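Only the coordinates and a few stated rules stand behind these numbers; no lab work does. In this text the structure is predicted, and so the values were computed from the model without any measurement. Here the Cβ positions follow ideal geometry from the backbone for every residue, glycine too, while neighbour counts run over all protein chains shown.
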Amino acid sequence: MVNTLTFEVQGMFCASCVDRITHALKSVNGISHVAVDLEKGSVRVNGESHMHADGLVVALSNLGYHAQLAASEASETCSQGTKSQPAFGRSGCCCST
């Protein structure tokens, strides 16, 4: 079964950001597709049903992005009885240093 999660991500500004995020998330076991939308500031991830939002937020934060599960996803997750805590990383584009 394929699961889709959407994250709000701040600090993405360029094609390098897209490449870094795509490469990092695709390397996570069970992830089949990553779509980064710079204009909307979002990342959509498709993968196996066992992928965890918390782990993906941490992966994005470790890259230096401020990330959290999208509001619509968070309310759905909470209604299913699980809780997702947003983790916040460093803000700023990878090419701003």
Note to self: Given the condition free of Cβ contacts under 8 Å to residues at least 24 places away in the same chain and not in a loop (DSSP other than H, G, I, E, B), answer yes or no: does some residue in region 47-62 qualify?
What the structure shows: no
Checklist line | Within region 1-38, considering residues that are small (G, A, S) and within 19 Å of L69 (Cβ to Cβ), the one surrounded by the most Cβ atoms within 10 Å (Cβ to Cβ) | finding: G11
